[in-house]
Amino acid sequence: MFENLQEKLIKTFKSISGKGRISEKNIKEAVRQVKLSLLEADVNFKVVKEFIKDVQEKALGEDVLGSFTPDQQFIKIVRDELIKVLGEKNIPLSLSSKPAKIMMVGLQGSGKTTTAAKLAARFKKEGKKVLLVAADVYRPAAIDQLIQLGRQIDIPVFVGDRKNPIKIVAEAMDDAVKNVVDIVIFDTAGRLHVDERMMDELKEIAGQLEPDEILMVVDAMTGQDAVNSAKAFNEALELTGFVVTKLDGDARGGVILSIRHVTGKPVKFIGISEKIDGLEPFFPDRVAGRILG
Ligand code: GDP
């Protein structure tokens, strides 16, 4: 992940390393390179602007100029700024209801159904009793996919009438209470584009459920489109966080650097493979480390 960005940043640091004393001009050039790398990685331009402003101020203001190791100083400034943009620390899920309710939302193909199953498998490993709910009724294959995944990880999947998501969600909750389930994960409908009907239905489900978490799943490969749909979902629903998937692919990484800044909501997990165990809690410092190589 972040191959482009990483490669460019390494080049930038090389250009200022080993120079002994460096000039203000060297620093400005390095900052410009960082800016280009971020834009090339498809980071939102507002995020880039702020990022660059902070890096430049610090690089010119701190000891980089007089330092014996200007490259390392400069890298540290960029690393700190990356961590800041990524959100400083891991924000865990907040699951206080009994049973706890997690609503998964997102556009079709983002990895929502897969992520629901990945999360379920994680909870099961922690000894929790989990129920998956197939409320993505507009894509019949999604229901079968969830049933299949449930079988694979040995977690029950509530299906209901396969038609009315509001009814399915209510019945699933009755079922969860009856069976003393710890965590219920709802896979809701995804469409190709954000539309009003979809949002109204999601709002209705959220109003009925009052979920502990509403997690939006976004595909890192879709770049700025992912950030735009995140914004639209966040305006319509009280999202509690994001899962950014497909960071193992050719994604340029920009989404992960933009999404929190644009929406104010944290990334809580990242998807790093198609497999059931390909989900990691999101730690800003680790991701900053990966970006810098
Ligand atoms: P949904 O329409 O949002 O429910 O999306 P799916 O869960 O069906 O996922 C769409 C495709 O993305 C499937 O082929 C998944 O295996 C794949 N996928 C999901 N998450 C990841 C990930 O983190 N990495 C990779 N490489 N593929 C993923």
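The values are calculated or read from the model by the stated rules, or taken from the named source; none is laboratory data. What you see is a predicted model, and the numbers here were worked out from it, not measured in a lab. Glycine gets a Cβ as well: all are built from the backbone with ideal geometry, and neighbour counts include every protein chain shown. Surface accessibility is based on the protein's heavy atoms, side chains included, excluding ligands, DNA and RNA. Shrake-Rupley method; radii C 1.70, N 1.55, O 1.52, S 1.80 Å.
Mind checking whether some residue in the stretch 81-91 is within 16 Å of the ligand (Cβ to nearest atom) and either more than 19 Å from GLY150 (Cβ to Cβ) or hydrophobic (A, V, I, L, M, F, W, C) (or both)? Looking through the stretch 81-91, none of the residues is within 16 Å of the ligand (Cβ to nearest atom) and either more than 19 Å from GLY150 (Cβ to Cβ) or hydrophobic (A, V, I, L, M, F, W, C) (or both).
Just one of (1) modelled with pLDDT under 90; (2) within 15 Å of the ligand (Cβ to nearest atom) fails for GLY289. It is (2).
Within the stretch 92-118, can you find the residues that are among the aliphatic types (A, V, I, L, M) and either outside any loop (DSSP other than H, G, I, E, B) or within 15 Å of the ligand (Cβ to nearest atom) (or both)?
ALA100, ILE102, MET103, MET104, VAL105, LEU107, ALA116, ALA117
For the stretch 257-272, a residue qualifies if it is within 12 Å of the ligand (Cβ to nearest atom), aliphatic (A, V, I, L, M) and crowded, with 20+ Cβ neighbours inside 10 Å, and exactly one does: ILE270. Taking the stretch 133-188 on its own, how many of its residues are part of a loop (DSSP other than H, G, I, E, B), among the β-branched types (Val, Ile, Thr) and within 13 Å of ALA117 (Cβ to Cβ)? Here the count works out to 1.
Count, please, the residues in the stretch 246-255 that happen to be open to solvent by less than 10 Å² (accessible area, probe 1.4 Å) and within 12 Å of the ligand (Cβ to nearest atom).
The number of residues fulfilling the criteria is 2.
Looking across VAL55, VAL34, VAL43, VAL48, one residue alone is under 27 Å from the mean Cα position of the chain (by Cα), in a loop (DSSP other than H, G, I, E, B) and at pLDDT 80 or above. It is VAL43. Taking interchain pairs and intrachain pairs at least six residues apart, which have beta carbon atoms under 8 angstrom, with the first residue in the stretch 33-47 and without any contact (Cβ under 8 Å) to a residue 60 or more places away in the chain and the second part of a helix (DSSP H, G or I) and open to solvent by 80 Å² or more (accessible area, probe 1.4 Å)? Within 8 Å, the pairs are GLN33/LYS11; LEU39/PHE45. Cβ separations smaller than 7 Å between residues 6+ apart or across chains give the following pairs from the stretch 234-247 residues that are under 18 Å from ASP195 (Cβ atoms) to residues that are small (Gly, Ala, Ser): LEU237/ALA206. Number of residues in the stretch 179-208 that are away from the ligand (no atom under 15 Å from the Cβ) and open to solvent by 10 Å² or more (accessible area, probe 1.4 Å) equals 15.
Would a scan of the stretch 158-178 turn up a residue that is over 23 Å from the mean Cα position of the chain (by Cα), within 14 Å of the ligand (Cβ to nearest atom) and open to solvent by less than 60 Å² (accessible area, probe 1.4 Å)?
Going residue by residue through the stretch 158-178, those that are over 23 Å from the mean Cα position of the chain (by Cα) are 158-178.
Among the residues that remain, those that are also within 14 Å of the ligand (Cβ to nearest atom) are: none.
Scanning the stretch 158-178, I find no residue that is over 23 Å from the mean Cα position of the chain (by Cα), within 14 Å of the ligand (Cβ to nearest atom) and open to solvent by less than 60 Å² (accessible area, probe 1.4 Å), so the answer is no.
Contact annotation: residue pairs with Cβ atoms under 8 Å, 6 or more positions apart or on different chains, pairing a residue in the stretch 132-153 that is among the basic types (Lys, Arg) with a partner that is within 11 Å of the ligand (Cβ to nearest atom), are ARG139/GLN108; ARG139/ALA189; ARG139/GLY190. TYR138 meets each of the listed conditions (1) more than 11 Å from the ligand (Cβ to nearest atom); (2) open to solvent by 80 Å² or more (accessible area, probe 1.4 Å) apart from (1). Exactly one residue out of ILE147, ILE183 is more than 22 Å from the chain's Cα centre (by Cα) and of a type in the set (Val, Ile, Thr), and it is ILE147.
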